[in-house]
1. How would you rank 35-46, 67-78, highest first, on the average number of other Cβ atoms within 10 Å across their residues?
2. Can you compute the FRET efficiency between residue 29 and residue 71 using 1/(1 + (r/R0)^6), with r the Cβ-Cβ distance and R0 = 30 Å? Round to the nearest 0.05.
3. Grab the Cα-Cα distance for residue 139 and residue 60, subtract it from 0.36 nm times how many residues apart they are, and report the gain in nm with one decimal.
4. Test of understanding: what is the full-extension gain from residue 80 to residue 102, defined as 0.36 nm times their sequence separation minus their Cα-Cα distance?
5. Within a Cβ distance under 14 Å of residue 69, other residues only, what is the Lys/Arg minus Asp/Glu net charge?
6. Would you mind computing, in nm to one decimal, how far apart the modelled labels at residue 94 and residue 123 are, each placed 7 Å from Cα along Cα→Cβ?
Amino acid sequence: MKPTVVVIAIALFSAALVAQEPKPVPKDSVRVLVPGCSKGYIFTAGRRTEDQPGSLDVPEGMHLRMNGPKKLIAEIKAHEGSMIEITGLMKKGQYQPGGINIGGGVRIGAPPPGVGGPTAGQILIDVEGWRPAVGTCPSR
């Protein structure tokens, strides 16, 4: 009976180690960490600080459309109005700034020909996780 207990313990321990490994990143994507604030399914990138630099070059004020499991999105929605950091996958080349930068995350430009619809131009992030961050969200 003792060998069975040992086998079960080893199986549970190895399963816990496998669960802690992050998913591999597809070749056409990049894993990012972005501080900011959420409202519904839209995440607005916030200012990065030196101690919490984030990753990728996501400018302050950029809006990202969050995709993910309903339970995870519900947890994020419960923290609306609080500064958080999300970790997720974004497609490479999805964000290509065009037009003229006038500051504060605002650019003036025209969409490419043939682009339209309610989700046109939205940058998507497949959210894998989140955590609280230092700072406050601007109130509107």
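1. Working: 35-46: 19.4, 67-78: 13.2.
Answer by packing, highest mean first, reads 35-46, 67-78.
2. Numbers: r = 22 Å, r/R0 = 0.74.
So the FRET efficiency works out to roughly 0.85.
3. Working: separation 79, 0.36 × 79 = 28.44 nm, distance 1.55 nm.
Stretched out fully, the residue 139 to residue 60 stretch lengthens by 26.9 nm.
4. Values: separation 22, 0.36 × 22 = 7.92 nm, distance 2.76 nm.
Taking residue 80 through residue 102 to full extension adds about 5.2 nm, to one decimal.
5. Working: positive: 23, 70, 71, 77; negative: 75, 126, 128.
Taking every other residue near residue 69 into account, the sum is +1.
6. Placing both labels 7 Å along Cα→Cβ, they lie 1.0 nm apart.
Readers should treat all values here as calculations from the given coordinates under stated rules, not as data from a laboratory. Predicted model only: the values in this text are computed from it and were never measured. All Cβ positions, glycine included, derive from the backbone under ideal geometry; neighbour counts span all protein chains shown.
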